[in-house]
1. If R0 is 45 Å, what FRET efficiency do you get for residue 13 and residue 338 from their C-beta distance, rounded to 0.05?
2. Would you mind getting me the FRET efficiency between residue 66 and residue 101? Use the beta-carbon distance for r and R0 = 45 Å, nearest 0.05.
3. Calculate the spin-label point distance for residue 387 paired with residue 123, positioning each point 7 Å from the Cα along the beta-carbon direction, and give it in nanometres.
4. In a solvent-free Debye calculation with one equal scatterer on each Cα, what is log10 I(q)/I(0) for the chain at q = 0.07 Å⁻¹, listed in the order of the q values?
5. Would you mind computing Rg(Cα) / (2.2 N^0.38 Å) for the range 305-382, counting N as its residues?
6. Of the candidates 117, 255, 137, which one comes out as most mobile in a Gaussian network treatment of the chain with C-alpha springs shorter than 10 Å?
7. Let me know the whole percent of all Cα-Cα pairs from the range 43-177 that are separated by more than 18 Å.
8. Let me check against my output: what whole-number percent is the relative contact order of the chain, with C-alpha pairs under 8 Å and at least 6 apart?
Ligand SMILES: *Cc1c(COP(=O)(O)O)cnc(C)c1O
């Protein structure tokens with residue numbers, strides 16, 4: 001990254017009124033998060049509250065099926081059930097250090113909202129979560145969790161009443177309260193420095209992979225890394241310390257929905273064009289005249305109409321191979337992991353697993369695949385689709 005850009009992607013395209021706030025964040029985030037005091041508190045919470053390090057588990061039966069040594073990085077075992085808590089803790093600590101007294105966030109499926117509400121309960125900070133009214137209705141359990149945690153869930157009635165509209169509303173709130181409010185963004189998206197901040201906070205995933213591989217394999221790098229991408233935060237965390245290590249091949253699975261030619265897809269890297277979304281220049285799912293189109297995926301956590309600028313760049317330069325995984329392929333992969341290893345993955349994570357049958361491995365290839373979250377939240381979808389197993 002240079003000056004907030006990854007190749008031609010990134011930057012900070014924010015309204016004039018937010019310029020000073022974003023600039024202040026840009027100047028303060030690195031000194032704060034690299035300070036000994038921050039690192040100590042952050043890592044103590046990751047250990048004692050989240051339950052890190054998350055295990056690196058050699059999945060024997062899956063390894064046999066795919067002809068490699070497949071390790072699963074178990075982010076599903078974190079408190080609140082996914083990797084998002086790593087980032088939420090870091091950003092709320094940063095907000096406190098910066099003297100901000102109020103937290104806002106936006107959420108689609110509710111996972112980032114729950115992680116943020118959780119940390120705000122822990123740190124006694126007021127929290128408002130913007131959520132499209134459509135999502136409030138269809139993600140009811142997460143809404144109840146956020147309310148129980150003490151957050152105010154604010155249903156957004158504009159547009160399609162989904163994530164994009166919630167994001168617009170959160171930015172509007174931020175514009176009105178730039179001095180006392182910190183906007184916690186849930187993925188490697190948004191204006192610079194957010195993509196870099198979130199990647200750094202999730203990079204604990206690849207730090208642990210390095211140490212754990214030494215224990216298991218006697219070397220600190222795998223041959224292949226695999227992760228799913230919505231905005232890109234679990235993938236960024238997985239690859240962070242290996243991006244410049246050419247011995248490591250990187251595979252990312254994005255949500256194909258009903259197929260990249262179906263018009264019902266969230267495969268932004270395959271189908272997106274250059275545009276501006278959420279304050280960054282990146283690939284965007286949009287019409288010819290620049291209207292953002294509503295993405296579709298069976299997995300609520302992957303249907304974001306943009307993509308992190310880092311990931312757009314890795315795909316464009318060929319550093320990462322990106323596959324579009326359709327709903328039925330993800331469902332099949334989720335049932336397979338459940339039956340072979342006794343692990344019910346999140347539907348998002350199943351998009352990483354579903355790349356396995358499309359790949360060719362050598363028998364002794366060391367493959368690390370991040371299971372970004374657990375599947376409890378997706379049980380209804382799994383039961384409705386049990387015939388696809
Ligand atoms: C939110 C979410 C994702 C997608 O977000 P990224 O920023 O791309 O990681 C993936 N898996 C789970 C379990 C999630 O909750």
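1. After rounding, the FRET efficiency stands at 0.60.
2. 0.35
3. 4.8 nm
4. Here log10 of I(q) over I(0) equals -0.27.
5. Dividing the Cα Rg of the range 305-382 by 2.2 N^0.38 Å gives 1.20.
6. The residue with the greatest mean-square fluctuation here is 137.
7. Roughly 59 percent, once rounded to a whole number.
8. In percent, rounded to a whole number, it is 20.
Where a number appears in this text, it was derived from the coordinates with a stated rule and is not lab data. Just so it is clear, the structure is predicted and the values come from calculations on it, not from any experiment. Cβ: placed from backbone, ideal geometry, glycine included. Neighbour counts: every protein chain shown.
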